[in-house]
Amino acid sequence: MRIDIITVLPELLKSPFEASILKRAIDAGLVEIHFHNLRDYTSDNYKSIDDTQFGGGAGMVMMVEPIHKCIEKLKSQRNYDDVIYMTPDGETLNQGMANHISIKENIIILCGHYKGVDQRVRDYLITREISIGDFVLSGGELAAAVLCDAVIRLIPGVLGNETSALTDSFQDNLLAPPIYTKPRDYNGWKVPELLFSGNLPKIEEWREAQAYERTKVRRPDLLED
Ligand code: ADE
């Protein structure tokens, strides 16, 4: 998979890709990440990427031209499955969307800033708009990093144990059950006895019941659909 990220602040985005699972995925050639600084696609001396709103109103608007030039250049080099715009008024990211995106070949992610982008970018260039939750960040970069992390860990071969992504919370619309490790008794805080029984079908049944119970209490909305 190849991900092209268009941003005015590439430095804000670099570190998540320089550590841990994401770095391993890049080093193993399972994913390529390319950053494109919008200021490299400006046509004036000031390298402006934003301007005031037509019709008045507070806040600057990101201009069409640099974004269009950057996307057109990328599209002239390969085909893209999706051109995603990170925005608080997009579709809220969930595990199903992450699964869906993880099987794409090439995607572009555009990070917004200021008040957002000129509506024509959204009307003519963007194929999908994604929010990471009902709150407003100062830019789309951290949201893009969240999307990339959620997607990249699902690419086959990225996680050491292939089954571990399948048992994540949300994969079957249930939250994950409680987990334990050594010691068996810490400070009198005990691990449930059943987990030492060696009875794998019973343990699996217990985990499913726990996952269901946890979901019912914390996220009953997940059980509705
Ligand atoms: N840009 C600013 N806030 C955002 C959010 N919540 N999700 C995605 N992109 C954003």
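Is there any pair with a first residue in the stretch 183-206 that is assigned to a loop (DSSP other than H, G, I, E, B) and a second that is open to solvent by 100 Å² or more (accessible area, probe 1.4 Å) whose Cβ atoms are under 8 Å apart and which are 6 or more apart or on different chains, and what are they?
Final answer for the pair search is ARG184/LYS190; VAL191/TYR180; VAL191/ARG184; PRO192/TYR180.
Taking only pairs six or more apart or across chains, which ones have beta-carbon atoms under 7 Å, a first residue in the stretch 73-100 that is part of a strand (DSSP E or B), and a second residue that is of a type in the set (D, E, K, R) and more than 10 Å from the ligand (Cβ to nearest atom)?
What qualifies is ASP82/LYS104; ASP82/ARG128; ILE84/ARG128; TYR85/ARG122.
Among ASP82, ASP149, ASP89, which is the only one that is within 16 Å of the ligand (Cβ to nearest atom), modelled with pLDDT of 95 or more and loosely packed, with under 15 Cβ neighbours inside 10 Å?
One residue alone meets the criteria, ASP89.
Looking at LEU142, LEU154, can you tell me which residue is without any contact (Cβ under 8 Å) to a residue 60 or more places away in the chain, touching a helix residue (DSSP H, G or I) at 6+ places or on another chain (Cβ under 8 Å) and not hydroxyl-bearing (Ser, Thr, Tyr)? Before the answer, list the steps.
On the way: LEU142 fails: without any contact (Cβ under 8 Å) to a residue 60 or more places away in the chain.
Criteria check complete, one pass: LEU154.
I need a count of the residues in the stretch 101-132 that are touching a residue at least 60 places away in the same chain (Cβ under 8 Å), within 12 Å of the ligand (Cβ to nearest atom) and assigned to a loop (DSSP other than H, G, I, E, B).
Final tally of qualifying residues: 2.
State which residue is nearest to the ligand (Cβ to nearest atom) when the search covers only the stretch 133-146 and only residues that are surrounded by fewer than 20 Cβ atoms within 10 Å (Cβ to Cβ) and closer than 12 Å to CYS111 by Cβ.
Initially, the stretch 133-146 is screened for residues surrounded by fewer than 20 Cβ atoms within 10 Å (Cβ to Cβ), giving 133-139, 142, 146.
Of the ones still in play, those that are also closer than 12 Å to CYS111 by Cβ are 137-139, 142, 146.
On the way: LEU137: 4, SER138: 7, GLY139: 6, LEU142: 8, VAL146: 8 Å.
Within the stretch 133-146, the match that is nearest to the ligand (Cβ to nearest atom) is LEU137.
Among the residues of the stretch 1-41, write down those that are small (Gly, Ala, Ser) and not in a helix (DSSP H, G or I).
ALA19, ALA28, GLY29
The values are calculated or read from the model by the stated rules, or taken from the named source; none is laboratory data. Predicted model only: the values in this text are computed from it and were never measured. Every residue, glycine among them, receives a Cβ derived from its backbone with ideal geometry; neighbour counts consider all protein chains shown. All accessible areas refer to the heavy atoms of the entire protein, side chains included, with ligands and DNA or RNA removed. Shrake-Rupley method; radii C 1.70, N 1.55, O 1.52, S 1.80 Å.
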